[in-house]
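One structure is given below, encoded as structure tokens.
The values are calculated or read from the model by the stated rules, or taken from the named source; none is laboratory data. Keep in mind it's a predicted model, so treat the numbers as computed, not measured. We place every Cβ from the backbone using ideal geometry, glycine too, and count neighbours over all the protein chains shown. These area figures cover heavy atoms from the full protein model, side chains too; ligands, DNA and RNA do not enter into them. Shrake-Rupley method; radii C 1.70, N 1.55, O 1.52, S 1.80 Å.
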Amino acid sequence: MMKTRFTEAFGVEHPIIQGGMQWVGRAELVSAVANAGALGCLTALTQPTPEDLSKEIGRVRDMTDKPFAVNFTILPTLKPIPYDEYMDAIVQSGVKIVETAGNNPKAHMPKLKEAGIKVIHKCTSVRHAITAQKIGVDAISIDGFECAGHPGEDDTPGLILIPKAADKIDIPIIASGGFADGRGLAAAIALGADGINMGTRFMATQEAPVHETIKQKIVSADELQTTLIFRTLRNTTRMFSNEVSKKIIEMEAEGKGIDEIGPIASGLKGKLVYETGDENAGVWSAGMCIGLINDIPTVKELVERIVNDAETIINERFRRIVA
Ligand SMILES: Cc1cc2nc3c(=O)[nH]c(=O)nc-3n(C[C@H](O)[C@H](O)[C@H](O)COP(=O)(O)O)c2cc1C
């Protein structure tokens, strides 16, 4: 049993978060993570409308009575998103934890705080973490360059970001990006974090709503099979390296803009990857820790294994070394 500032403040058993994942962070996965004693994040924008989000929150509640969170991602999109309506659905549903990401959540903080919601803000630089702490978030999730999704534009890996954030931030810190096993959790704690956030590792679990072929692809892939798209648009995104991500990088090199690249990179095509198992149906996020994933356990098996392995490393390896 590991007790940290995060487990204490957020009322979860284990210092592990399943970060928001577009198309993947649905009720089945989130409730499995909650039932395993970790914190699952339902991804708000996976739901086509705020009403659908309210229903999905209800589905999580049908499957668990443990705490869970909703991820609220504020990013530039091709189609305008009714963010305020999604936020109202979250607040009215009585959810008690929100993970914000993509941009400064300042505009939404009054509503969140008034509703007594605890906010975990995920960001990719220490300066943004300091700003988020100032505006009153309750924890920082600091996402290193290794991560799936949006690593930002600074290219700073977790080995630097995590201890630096620990030096500058007083609230609980979650280390994110590149974590897949108990060694990572023990290392994150050693670097000053209060827990870890994982995306890619949770995709390869029994309960993740991801086609079996893609889960097998994750197991067989190594750490060299991710790539960065949208660098030229200053909206860098780490994706699985497939035919579509390679095509996008070629188009970027030719100077093409979002008007031409957008339709190829559409999120709806990415959704097809998880539904059909065709890895080249669109772009899909994966982090460098894909090289550490060798099996498809249940969420409960995964969470228990990570916590047990981290405890063993701390109790045995760390102790043996200093004795
Ligand atoms: C398939 C997938 C989709 C993701 N979608 C989102 C998202 O919509 N919003 C968000 O804040 N983060 C998103 N992320 C990032 C994760 O929440 C997390 O920060 C990241 O995966 C951590 O890096 P890791 O994959 O190395 O564990 C996504 C990650 C994956 C793998």
(request) Run the 1.4 Å probe and let me know the accessible area of residue 5, rounded to the nearest 10 Å². (result) 100 Å²
(message) To check you understand DSSP bridge types, tell me what percent of the beta bridges within the chain (both residues inside) are antiparallel, rounded to 5.
(response) 15 percent
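Of all the Cα-Cα pairs you can form in the stretch 21-159, what percent are over 27 Å apart?
I get 17 percent for the Cα pairs in the stretch 21-159 exceeding 27 Å.
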(message) Students sometimes get this wrong: rank 284, 23 by accessible area, probe 1.4 Å, all chains present, largest first.
(response) 23, 284
(request) May I have the extent of the alpha carbons of the stretch 270-323 along their three principal axes, as whole Å values ordered from largest to smallest? (result) 54, 22, 14
(message) I want to check the label-to-label distance for residue 1 and residue 170. Put each point 7 Å from Cα in the C-beta direction and report it in nm to one decimal.
(response) 2.9 nm
(message) For q values of 0.11, 0.14, 0.16 Å⁻¹, compute log₁₀ I(q)/I(0) with the Debye formula on a Cα-only model of the chain, without solvent.
(response) -0.64, -1.08, -1.46
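Taking 0.36 nm per residue of separation and subtracting the Cα-Cα distance, what length does fully extending residue 130 through residue 103 add?
8.4 nm
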(request) Provide the solvent-accessible area of residue 164, counting protein heavy atoms only and rolling a 1.4 Å probe, rounded to the nearest 10 Å². (result) 100 Å²
(request) Kindly report the accessible area of the stretch 99-142 per residue (heavy atoms of protein chains, probe 1.4 Å, no ligands, DNA or RNA), in Å². (result) 41 Å²
(request) Starting from the Cα of residue 219, step 7 Å along the direction of its Cβ; do the same at residue 9; then give the gap between the two resulting points in nm. (result) 3.8 nm
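Rank these residues by their accessible area, most exposed first, probe 1.4 Å: 279, 304, 99.
304, 279, 99
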(request) Heavy atoms only, probe 1.4 angstrom, no DNA, RNA or ligands counted: give me 231, 183 ranked by accessible area, highest first. (result) 183, 231
(request) Would you work out which of 130, 206, 115 lies farthest towards the positive end of the dipole of the chain, given +1 charges on the beta-carbon of Lys and Arg and -1 on that of Asp and Glu, about the Cα centre? (result) 130
(request) Compute from the Cα atoms of the stretch 115-167 the Rg and the Dmax, the latter being the longest Cα-Cα distance, and quote both in angstrom. (result) 11.2, 35
(request) Tell me what the chain gives for mean residue ellipticity at 222 nm when only DSSP H runs of n ≥ 4 count, each as -39,500 (n - 2.57), the sum divided by the residue total, rounded to 500 deg cm²/dmol. (result) -11500 deg cm²/dmol
(request) At 7 Å along the Cα-to-beta-carbon direction for both residue 254 and residue 278, put a label point, then send me their distance in nm to one decimal. (result) 2.1 nm
(request) Determine the relative contact order of the stretch 1-82: mean sequence separation of Cα pairs under 8 Å and six or more apart, normalised by residue count, in whole percent. (result) 28 percent
(message) Can you tell me the length gained on complete extension of the stretch residue 301 to residue 85, counting 0.36 nm per residue apart and subtracting the Cα distance?
(response) 74.1 nm
(request) Compute the signed sum of charges (Lys and Arg +1, Asp and Glu -1) over the other residues within less than 12 Å, Cβ to Cβ, of residue 323. (result) +2
(request) Heavy atoms only, probe 1.4 Å: what % of the accessible area of the stretch 217-270 goes to carbon and sulfur, would you let me know? (result) 54 percent
(request) Anything over 23 Å Cα to Cα? Flag those among 66/96; 111/271; 66/300; 118/215, in the order listed. (result) 111/271; 118/215
(message) On a full-extension model of 0.36 nm per residue, what is the gain between residue 233 and residue 268, subtracting their alpha-carbon distance, rounded to one decimal in nm?
(response) 10.6 nm
(request) Find the relative contact order for the stretch 9-167 and round it to a whole percent, using C-alpha pairs within less than 8 Å whose residues are 6+ positions apart. (result) 15 percent
(message) Tell me the accessible surface of residue 243 in square angstrom (1.4 angstrom probe, heavy atoms of protein chains only), to the nearest ten.
(response) 130 Å²
(message) Could you tell me the extents of the stretch 1-101's C-alpha atoms along the three principal axes, largest first, rounded to whole Å?
(response) 44, 27, 23
